[in-house]
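Below is one structure, written out as structure tokens; the observations come after it.
The values are calculated or read from the model by the stated rules, or taken from the named source; none is laboratory data. All values derive from a computational prediction rather than experimental measurement. Positions of Cβ are generated from backbone atoms using ideal geometry, with glycine treated the same way; all protein chains shown enter the neighbour counts. We work out accessible area using only protein heavy atoms, side chains counted, and drop any ligands, DNA or RNA first. Shrake-Rupley method; radii C 1.70, N 1.55, O 1.52, S 1.80 Å.
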Amino acid sequence: MNYYDNIKQELINNEIYKKVKDYSKNKSDLETYYKVGKILFEAGKHYGESIIREYSKKLTNELGKGYSTTNLKYMRQFYLLFEKSHAMRDQLTWTHYRELLKLKNINEIEYYIKISIEQNLSYRELRNKIKLKEYERLDNKTKEKLIQKQENSIEDYIKNPIIIKNKGYEAISEKLLKQLILEDIPSFLKELGSGFSFIDSEYKIRIGDRYNYIDLLLFNIEFNCYVVIELKITELKKEYIGQIETYMNYIDKNIKSINQDKTIGIIIVRKDNEYIMEYCSDPRIYSKVYELV
């Protein structure tokens, strides 16, 4: 079998196809690179690893740029990734897959494929999520749910730690922490997961004869519930539980409509305290740590 001629013909056919049918060239790219990857894998079994370097030189001389040793290795890896049970998704481009193929964990790759499609991520946005280790910041229970393809709950995709962009400040107050969040509220909402929308900051409520202020009030469209956010620059303390629970109950009693689910609360702290959360009896309350970058 002439492996090289087969590879060359697949690549030539792909270039011709893209010129004729521009609307579906991404799908053609992926299918071609998959086929080339398969041939490279077979060729490697017969001639060894050095064959890729040899083919790269010949392809570059005869067809031009785009067929470096690295790129051909990615094509082979692309084939190995999808040659079993994993379905190739042509909503993503080859550039997306190049980013994904740098990862070793198949569950991590599948997570990023999933959110790239759901959130219509550009490859730069995908690269940034990978850089910020978004998958690694998911709870282990969430990762297991993803593997088992179980239904997710609202807290599953809340990252821990939650990344907040700093602007060179050394001393951080609660007011400044809130300001940093508000200056880039879209990024903050994405750190919490999907479906979150911003309602207000310093949301005023009246309890008895006193006004209280909720740091951030959000609403989650997917889960049809309000979300109370309290920001703390210290370790989690037991009094924070009582505070946020009061705010959540107020929203449920005075703001929530009958067809909406109960409010949840997220306390964002500098340092967690698992012992306090262990004795928190309200399953609607979650504690997450923030990290300034």
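Put simply, of GLU110, GLU99, GLU134, GLU54 the only residue that is open to solvent by 60 Å² or more (accessible area, probe 1.4 Å) and at pLDDT 95 or above is GLU54. For segment 32-51, the tally of residues that are under 32 Å from the mean Cα position of the chain (by Cα) and either loosely packed, with under 15 Cβ neighbours inside 10 Å or among the β-branched types (Val, Ile, Thr) (or both) stands at 2.
All told, ILE205 meets the bar of being over 25 Å from ASP272 (Cβ atoms), outside any helix (DSSP H, G or I) and in contact (Cβ under 8 Å) with a residue 40 or more places away in the chain.
Each row is one residue, and each column tells you yes or no for (1) in contact with a helix residue (DSSP H, G or I) (Cβ under 6 Å, 6 or more places away or on another chain); (2) within 26 Å of LEU138 (Cα to Cα); (3) among the aromatic types (Phe, Trp, Tyr).
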residue: ILE241; (1), (2), (3): no, yes, no
residue: TYR247; (1), (2), (3): no, no, yes
residue: SER257; (1), (2), (3): no, no, no
residue: ARG270; (1), (2), (3): no, yes, no
residue: TYR275; (1), (2), (3): no, yes, yes
residue: LYS288; (1), (2), (3): no, yes, no
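Of all residues being closer than 18 Å to ASN254 by Cβ and touching a helix residue (DSSP H, G or I) at 6+ places or on another chain (Cβ under 6 Å) in segment 195-214, which is surrounded by the most Cβ atoms within 10 Å (Cβ to Cβ)? Just the residue, please. Looking at the filtered set, the residue picked out is ILE214. Within segment 246-293, the set of residues being assigned to a strand (DSSP E or B) and of a type in the set (A, V, I, L, M, F, W, C) comprises ILE264, ILE266, ILE267, ILE268, VAL269, ILE285, VAL289, LEU292. Contact map, segment 59-88: residues that are open to solvent by 30 Å² or more (accessible area, probe 1.4 Å) and basic (Lys, Arg) paired with residues that are modelled with pLDDT under 95 and in a helix (DSSP H, G or I), Cβ distance under 8 Å, separation 6+ or inter-chain. Pairs shown: ARG76/GLY44. Find the residue count for segment 147-190, including only residues that are within 14 Å of the chain's Cα centre (by Cα) and hydroxyl-bearing (Ser, Thr, Tyr). Of the residues in segment 147-190, 2 are within 14 Å of the chain's Cα centre (by Cα) and hydroxyl-bearing (Ser, Thr, Tyr).
A Cβ distance below 8 Å, combined with a sequence gap of six or more or placement on separate chains, defines the contacts here; from segment 236-252, residues that are over 15 Å from LEU216 (Cα atoms) and of a type outside the set (Asp, Glu) reach residues that are in a helix (DSSP H, G or I) and open to solvent by less than 60 Å² (accessible area, probe 1.4 Å) in the pairs LEU236/ILE276; LEU236/MET277; LYS237/ILE276; LYS238/ILE276; ILE241/ILE276.
Restricting attention to segment 261-293, the residues that are under 20 Å from the mean Cα position of the chain (by Cα) and of a type in the set (A, V, I, L, M) add up to 5. Listed here are the helices (runs of 4 or more DSSP H) enclosed by segment 1-83 that have at least 1 residues being farther than 19 Å from LEU101 by Cβ and among the aromatic types (Phe, Trp, Tyr): 3-20, 25-47.
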